[in-house]
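A.B. asks: I'd like to ask some things about the structure below.
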Amino acid sequence: MNTDNLNIQIKTFFGLEPVLAEEIQKLGGKNVEIKTRAVNCEGDLGFLYKINYSARTAVKILVPVYEFTAFNEQKFYDRLLRFGWDQYMNVDQSFAIDATVHSERFTHSQFMTLKMKDAIADFFRDKYGKRPNVDPKNPDIKFNLHIDRDFVTISLDSSGDPLFKRGYRKEQGEAPINEVLAAGMLHLAGWDGKGNFLDPMCGSGTILIEAAMMAMELPAQIFRKKFAFQNWNNYDEDLFQKIKEFRINRVKEFNGKIIGYDIDERMLNAARINIEAAEMEEVIEVKKQNFFESKKEHFPLLIVFNPPYDERITIDDDDFYKKIGDTFKTHYPNTLAWLISSDLEAVKKIGLRPSRKIKLYNGKLETRFLQYEMYEGSKKSKFEK
């Protein structure tokens, strides 16, 4: 592997590709190119470590190592059997394979994964007289198989566990928002750590914690114990330590307020546990408060939230969203507010025209991330576009 100039593919969620591309450029990626649910770029080994440690909107970071075309399963197996797998792992290391298959010729991703496992095991048996173990849960080396029609790409997964597993979430709400999605929403909303922040329906606190980490420029994976690249034969421990130290030395103090409201005591307890795990008790304040009975207390203020779904709090959707709009209009003047919702009919009851609409997915749910601008008096206000 030429570690001075790696081709790198960084996976993300639909709608966050431009945000990720901007992050990767700021971190020093070269030839950054936006794809669907991914960003491609080039960089050296240190850059690969840096983006794993720091990129907030990355889900998985892959390094393609082998590409070929195959027109049937035998050709697929033969090409894999001839590949030099011992460049990337040794016979005593365990491995696992993630697969994505978009092909009319190869329709079964599990079967193709099995063929690839066989080829790797047979390569080592033929060359070393021994097969490596497959460990789907905690492998030393993780490969990614991608088949697009007849075109096969084999990549090394440098991350291991998906990068939304930050390590601070100990408690989960009934409809938690993914950490990467939360960070992406904050980027889209323009949160820069200046001013004050409110999540008025904070659930288990993910948006609050991501907002605090961004405000302080804490690396996204500061709590993570392990990356897959640490098992690679070219792993440079000194280089990774230097990169971590450099990123941690950039951490800054935050002087604003980050506040979460919720009316559910169980959710507030979950949020407190997660905030403590993220060592943010002095930065984030959560309290039992009905948003519909609240007033704006901090200036300037950015609001970002994920209103609860029916399964968490029984709500009459129309009335609930109407109350959100009424609260915005009467109690939150001169405020920018963003919310994410999959109920595209109910959000119309807010009674305000959103100034921006961004299509995102929360898991498999198609949602809209909506921006509302509340201003007092003249429409020539600074909030009017």
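A.B. asks: Starting from the 7 Å offset along Cα-to-Cβ, what nm value, one decimal, do you get for the label separation of LYS30 and THR330?
C.D. replies: Each label point lies 7 Å from its Cα, and together they span 6.0 nm.
A.B. asks: Where nothing but the Cβ of Lys and Arg (+1) and of Asp and Glu (-1) is charged, how large is the charge dipole of the chain around its Cα centre, in debye to the nearest 20?
C.D. replies: Approximately 580 debye in magnitude.
A.B. asks: Let me ask you something else. Given a Förster radius of 35 Å and the C-beta distance between LYS364 and LYS226 as r, what FRET efficiency does 1/(1 + (r/R0)^6) yield to the nearest 0.05?
C.D. replies: Taking R0 as 35 Å, the efficiency between LYS364 and LYS226 is 0.80.
A.B. asks: In square angstrom, what is the accessible area per residue of the chain with a 1.4 angstrom probe?
C.D. replies: It amounts to 48 Å² per residue over the chain.
A.B. asks: Could you please state how large a percent of the accessible area of segment 1-59 is carbon and sulfur, counting protein chains only and using a 1.4 Å probe?
C.D. replies: That fraction is 41 percent.
A.B. asks: Among 345-354, 287-296, how do they line up from the highest to the lowest mean number of other beta-carbon atoms within 10 Å?
C.D. replies: Descending packing order for the listed peptides: 345-354, 287-296.
A.B. asks: Take LYS252 and GLU104, extend 7 Å from each Cα along the Cα→Cβ direction, and tell me the distance between the two endpoints in nm.
C.D. replies: Modelled inter-label distance: 5.5 nm.
A.B. asks: Quick one: accessible surface of LEU198, probe radius 1.4 Å, all protein chains present, in square angstrom to the nearest 10.
C.D. replies: Number for this one is 10 Å².
A.B. asks: For Kirkwood radius over Cα pairs in Å, which listed value, (1) 22.8; (2) 23.5; (3) 21.7, comes from the coordinates shown?
C.D. replies: This structure yields the entry labelled (1).
A.B. asks: Work out the charge dipole of the chain with +1 on the Cβ of Lys and Arg and -1 on the Cβ of Asp and Glu about the Cα centre, then indicate which of MET185, GLN230, ILE263 is farthest towards its positive end.
C.D. replies: Going by the Cα projections, it comes out as MET185.
A.B. asks: In nm, what is the difference between 0.36 nm times the number of residues separating LYS348 and GLN74 and their Cα-Cα distance?
C.D. replies: 93.2 nm
A.B. asks: Compute the angle between helix 179-188 and the longest alpha-carbon principal axis of the chain, please, reported from 0 to 90 degrees and rounded to the nearest 10.
C.D. replies: Roughly 60 degrees, rounded to the nearest 10.
A.B. asks: With +1 assigned to the C-beta of every Lys and Arg and -1 to the C-beta of every Asp and Glu, and no other charges, what is the dipole magnitude of segment 13-169 about the Cα centre in debye, to the nearest 20?
C.D. replies: Value, rounded to 20: 340 debye.
A.B. asks: Right, something else. If a/c stays under 1.5 just call it rounded; otherwise compare a/b with b/c (prolate if a/b is bigger, oblate if not). Do that for segment 202-339, with a ≥ b ≥ c from the square roots of the Cα gyration tensor eigenvalues.
C.D. replies: Prolate shape, in that a/c is at least 1.5 and a/b is the bigger ratio.
A.B. asks: Please give the solvent-accessible surface of PHE14 in Å², to the nearest 10, using a probe radius of 1.4 Å with every protein chain present.
C.D. replies: Accessible area, nearest 10 Å²: 60 Å².
A.B. asks: Three principal axis extents, largest first, for the C-alpha atoms of segment 51-197, in Å?
C.D. replies: Largest to smallest, the principal-axis extents are 62, 35, 29 Å.
A.B. asks: Now for a separate question. Between 0 and 90 degrees, rounded to the nearest ten: what's the tilt of helix 45-54 against the longest Cα principal axis of the chain?
C.D. replies: The angle comes out at about 30 degrees.
The values are calculated or read from the model by the stated rules, or taken from the named source; none is laboratory data. Fair warning: this is a prediction, and the values are worked out from it, not measured in the lab. Heads up, the Cβs are rebuilt from the backbone with ideal geometry, glycines too, and the neighbour counts pull from every protein chain shown. To get the accessible areas, we keep the full protein, side chains included, count just its heavy atoms, and leave off ligands, DNA and RNA. Shrake-Rupley method; radii C 1.70, N 1.55, O 1.52, S 1.80 Å.
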